[in-house]
Each structure stands twice: as C-alpha cells, then as structure tokens.
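Shown next, in structure tokens, is the structure this report addresses.
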Amino acid sequence: MKCAPFDYVRASSVEEVVKTLADADGDGKILAGGQSLVPVLALRMARPSVLVDVNRIAGLGSIRSDDGAVDVGALTRHSALVDQTRHPLLAEAAKWIGHTAIRTRGTAGGSIAHADPSAELPVVAVGSGATISIAGPGGTRTVAADELFVSALVTSLAEDEMITTIRFPKPTRWGFAEFARRHGDFALVTAVVTEIDDAVRITLGGVAAVPVRAAQAEQVLADGGTAREAAAAASAEIDPTADLHGSAPFRRAIAAEMVRRALAQAGID
Ligand SMILES: Cc1cc2nc3c(=O)[nH]c(=O)nc-3n(C[C@H](O)[C@H](O)[C@H](O)COP(=O)(O)OP(=O)(O)OC[C@H]3O[C@@H](n4cnc5c(N)ncnc54)[C@H](O)[C@@H]3O)c2cc1C
C-alpha cells in the first residue's frame, strides 16, 4: 500500500514544529528517522494531514555530558549512541536496536516518542531515571520517563508537543541483557540493571505495555539477597501476556535469566 496524501513541512526550528502541529489541530505528525512512522503510514494505520520533518533542525543531534548525566538530543541517531563512550549503558543498549540501516536513521527522540514496549531506549530511560524535555505551545516542560510511558505505543505527549532532549543519569554500575529470537529482531525480554545513588534498580522491557521496575527483586537485593533470588523474584512479580513470539511462562523464564545476566554484568552476584 502507499501512504495517504499529506502536506509536507520541513521545519527549521522547534518553534515552527510546535506551531505547525498546533495548527494541524491533532492531525499532524513529526517525521524523524521515519523507521517506525513510515511503515505505519504505508499501511494507512495513521493518516496525518501534515508531516513535519524535523531532520534539518540544527542542534538537536548532539550528545553532551556533565558529571552526572548525558543529554541526548532528540535527533541523535541510534548509531551515534553506539559510538559514544560517555554513557556505556546507552551504547550497549543501542547496539541491540534493529540493523545498521535502522540505527543509522532512527533517532533517540523517535524511539522514546514511539514507546514500543520492546524497544531498548525506553527501558534504559526508565531504568536510569531519565527525564525528557518537551517543547509545546506553552514553552518547555520536563517529565520523568516513567511518567511519559502510558501504554503500548502511547505516551503522555500532547499532539502539539515535541521531545527535544533526553537526560540520562550515569549509573555507577550497570548491566544490560536482551533476548531476541534472531539478530536484529525486537527484544522478547530486555533487562536493565543500574546502580544510582547506591540503590540498585532492575527494569524490564517486553513483559508489559511499558517498561517496568521489578520492585520486589530490587527489595531482595536491598535486603542482602543474591542475584539468583532477585532474578526469581523478578520473574514471579511480572505478568507478561502471551503472543506469537512466546507464552507467558516462557517470557517469565527468559526474564529471570536476563535479570541474572544483567546483574552479573553489573558485578552483583
Ligand atoms: C525492521 C525494523 C526493526 C527495528 N528494530 C528495532 C529494535 O530492535 N529496537 C528498537 O528500539 N527499535 C527498532 N526499530 C524502530 C527504530 O528504533 C525507530 O528508529 C524508532 O522506533 C523510531 O525512531 P525514528 O526516529 O525512526 O522515528 P519516526 O519513525 O520518524 O517516528 C516515530 C514516532 O515518533 C514521533 N516522533 C519522532 N520524533 C519525535 C520527537 N522528537 N518528539 C515527539 N514525537 C516524535 C513520530 O511522530 C512518530 O509518531 C526497528 C524498526 C524497523 C523498521
């Protein structure tokens, strides 16, 4: 199938994006890397009347860091995340996104806004306590990652808002483990372990509509339990649904193993 007709606007500033989206009155869409949006348009699952191309906006593709965190511009390509060394967890997670062509075009802002339950960057965002800067008609607001993701492919972004930056705190220790059926496939289960402010967080992707913290597993570790006990607790506390790719018990078993591996990588046993 081919996309339904739309007007194309190549924006040169964030303000122009926000105004164009506001003028479209809920019928506009941002085009970033196009890796998720274009297939949706081609299948006519979305029929926006206006596409706002943000790729030529200057300054949104940079990665900056200070002692505590890395600021990733919304237009930063996944491949640039792989290549940077300031946030090793982000680099490791980005390696697992699709194939080279997808990593070359796809953007951090697009991945966060698309909110796929199996995508890597949302899990890292929740796991590392990231904050998202969002531009809208009333100015810029900041929201915590775990408040942005509402449901599968649904965020708390308004229709006339644009993500501009994602701020990822740097964990003192981290681990990342993912299971996919084939190289480049979306993950069946992703586990992210981070140590931030001396507390260990365990976050899982692919087991619910949004990335979820394994609070009981975290408590096991806080109480002096072992990595294996924490992995078992994580597996028991999630409630994954079955789909074409695997049953709920299968995902629970994979989750236990991914948590164990991520904890081992973080040096927690
Ligand atoms: C074959 C294939 C395999 C893939 N495998 C993986 C994978 O393993 N893991 C993974 O995480 N992803 C995977 N992806 C998706 C890929 O990571 C996309 O790059 C990402 O989901 C969307 O980023 P994008 O820049 O391409 O966004 P687009 O496709 O341009 O946009 C996606 C959505 O986000 C909105 N949007 C984009 N930028 C912004 C912004 N700054 N502010 C607000 N809204 C915005 C758009 O309007 C649209 O609704 C795969 C894609 C393909 C085609």
Find how much the distance from Ser62 to Thr172 grows on full extension, using 0.36 nm per residue of separation minus their present alpha carbon separation; answer in nm with one decimal. 37.3 nm
Which one of Gly106, Gly139, Gly73 has the biggest mean-square fluctuation once the chain is modelled by GNM with Cα springs under 10 Å? Gly139
Would you work out the charge dipole size for segment 145-269 about its Cα centre, treating the Cβ of every Lys and Arg as +1 and the Cβ of every Asp and Glu as -1, and quote it to the nearest 20 debye? 560 debye
For the residue pair Met1 and Thr241, what label-to-label distance in nm results when each label sits 7 Å from Cα along the Cα-to-beta-carbon direction? 2.1 nm
For the chain, with a Gaussian network of springs between Cα atoms less than 10 Å apart, report the residue from Thr104, Thr164, Thr190 with the top mean-square fluctuation. Thr104
Work out, in µm²/s and without decimals, the Stokes-Einstein translational diffusion coefficient of segment 188-269 at 4 °C, 1.567 mPa s, Rh from Kirkwood over C-alpha pairs. 105 µm²/s
Sorted by chain and then number, the residues having a modelled amide H within less than 5 Å of the amide H of Thr76, at least 5 places away or on another chain, are Ala108, Gly109
Under the 0.36 nm per residue contour assumption, what length would be gained going from the current alpha-carbon distance of Ala101 and Arg181 to full extension? 26.9 nm
When segment 7-53 is reduced to its Cα atoms, the Kirkwood hydrodynamic radius in Å: 10.8 Å
Where does the Debye-calculated log10 I(q)/I(0) of the chain sit at q = 0.09, 0.15 Å⁻¹, using only Cα point scatterers of equal weight, no solvent? -0.40, -1.06
Highest mean first, how do 192-202, 46-56 rank when packing is the count of other Cβ atoms within 10 Å averaged over residues? 192-202, 46-56
Work from the charge dipole of segment 71-152 (Cβ charges, +1 for Lys and Arg, -1 for Asp and Glu, about the Cα centre) and give the residue of Leu121, Leu75, Gly139 farthest towards its positive end. Leu75
Can you tally the net charge around Asn55? Count Lys and Arg as +1, Asp and Glu as -1, for every other residue whose Cβ sits under 15 Å from the Cβ of Asn55. +3
Among His87, His245, His114, the residue with the largest mean-square fluctuation in a Gaussian network model of the chain built from Cα contacts under 10 Å is His245
Using a simple spin-label model with points 7 Å from Cα along the Cα→Cβ vector, what separation in nm is obtained for Val38 and Thr142? 3.5 nm
Cα lying deepest toward the dipole's positive end in the chain, options Ala22, Thr104, Val207, charges on Cβ: Thr104
Can you check how the C-alpha radius of gyration of segment 52-168 compares to 2.2 N^0.38 Å, as a plain ratio? 0.97
Taking every C-alpha to C-alpha distance in segment 124-269 and binning by 10 Å from 0, the per-bin percentages run 12, 39, 32, 15, 2
Ala217: net charge of surrounding residues, Cβ under 12 Å, Lys/Arg +1, Asp/Glu -1, itself excluded? 0
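Where nothing but the Cβ of Lys and Arg (+1) and of Asp and Glu (-1) is charged, how large is the charge dipole of segment 7-53 around its Cα centre, in debye to the nearest 20?
With only Lys, Arg, Asp and Glu charged at Cβ, the dipole is about 240 debye.
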Charge tally for neighbours of Thr85 with beta carbon under 12 Å away, counting Lys, Arg as +1 and Asp, Glu as -1, is 0
Calculate one ³J(HN,Hα) per residue across segment 218-228 by plugging θ = phi - 60° into the Karplus curve 6.51 cos²θ - 1.76 cosθ + 1.60, and present them in order as whole Hz with x for glycine and proline. 4, 5, 4, 5, 4, 8, x, x, 8, 4, 4
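Determine, from the Cβ-Cβ distance of Glu15 and Ala208 and an R0 of 35 Å, the FRET efficiency 1/(1 + (r/R0)^6), rounded to the nearest 0.05.
Efficiency for this residue pair is about 0.45.
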Charged-residue dipole, Cβ positions (Lys, Arg, Asp, Glu), the chain about Cα centre, Debye nearest 20: 900 debye
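Readers should treat all values here as calculations from the given coordinates under stated rules, not as data from a laboratory. Because the structure is predicted, anything quoted here is derived from the model rather than measured. As a convention, Cβ positions derive from the backbone with ideal geometry for all residues, glycine included, and neighbour counts pool all protein chains shown.
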